[in-house]
Amino acid sequence: MNNKNWDAPIAESLPFADSQFDAVFSTISFLHYLEPKQVLSEIARVLSPGGRFYLVDITSKKEIEPQLLPVSPRGIRLYSPNQRQLLGSSAGLLCLNHHYLLGSVLLTIFAKPPIGKCLMGNKGE
């Protein structure tokens, strides 16, 4: 078996080409990012038009700002469904819907609009 070196990309600067992926998945990691707008901008960049972003993470009911939990040196941030929609919209992503999976674990599905389509509004539950 060959030994391989794996570099974990930095989410704020993904080492992939524009429009390279039809789908991007983030599971229980978004709460750790210090620059969530930059992360979503990078995800939007690497998604192909019409592509989907699936965000699975613990959510918060706190609407005004992310709920900060000091459980690590940098803390973790929990975002409400509405905060997720706003963050996605700021990166040009359309929020298609939310699905609670287990307790406070929420799946939010975003889409990158096809070329020539503008971001009109968000649907959410």
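The values are calculated or read from the model by the stated rules, or taken from the named source; none is laboratory data. Bear in mind that the values here come from a model prediction, so they are computed numbers and not experimental data. Cβ placement follows ideal geometry from the backbone for every residue including glycine, while neighbour counts extend to all protein chains displayed.
Step by step: first the residues of the stretch 97-122, then only those that are more than 17 Å from T59 (Cα to Cα) and more than 16 Å from the chain's Cα centre (by Cα), then the one that is modelled with the highest pLDDT. Which residue is that?
Initial filter on the stretch 97-122 (more than 17 Å from T59 (Cα to Cα)): 111-122.
Next cut, more than 16 Å from the chain's Cα centre (by Cα) only: 114-121.
Values: P114: 91, I115: 80, G116: 68, K117: 61, C118: 57, L119: 53, M120: 51, G121: 47.
Taking the candidates together, the pick is P114.
Being of a type in the set (A, V, I, L, M), surrounded by fewer than 16 Cβ atoms within 10 Å (Cβ to Cβ) and closer than 23 Å to P114 by Cα: is that true of L14 here? It would help to see each step written out before you state the result.
Working: of a type in the set (A, V, I, L, M): yes; surrounded by fewer than 16 Cβ atoms within 10 Å (Cβ to Cβ): no; closer than 23 Å to P114 by Cα: yes.
So L14 does not fit the description; no.
Filter the stretch 18-27 for residues that are surrounded by 12 or more Cβ atoms within 10 Å (Cβ to Cβ) and either among the small types (G, A, S) or farther than 21 Å from S48 by Cβ (or both) and give the result.
Within the stretch 18-27, S19, S26 meet the criteria.
Does the stretch 44-51 contain at least one residue that is over 12 Å from K112 (Cβ atoms) and either of a type in the set (G, A, S) or in contact (Cβ under 8 Å) with a residue 12 or more places away in the chain (or both)? Even if it seems obvious, please write down each step before you answer.
Just the residues of the stretch 44-51 that are over 12 Å from K112 (Cβ atoms), to begin with: none.
For the stretch 44-51, residues over 12 Å from K112 (Cβ atoms) and either of a type in the set (G, A, S) or in contact (Cβ under 8 Å) with a residue 12 or more places away in the chain (or both): absent.
List the strands (runs of 3 or more DSSP E) inside the stretch 1-96, counting only whole elements, that have at least 3 residues being within 12 Å of the chain's Cα centre (by Cα). Steps first, please.
Details: elements: 21-27, 47-58, 67-69, 76-78.
Hits in the stretch 1-96: 21-27, 47-58.
For E65, which of the numbered conditions (1) charged (D, E, K, R); (2) touching a helix residue (DSSP H, G or I) at 6+ places or on another chain (Cβ under 9 Å); (3) at pLDDT 90 or above fails to hold?
Failing condition for E65: (3).
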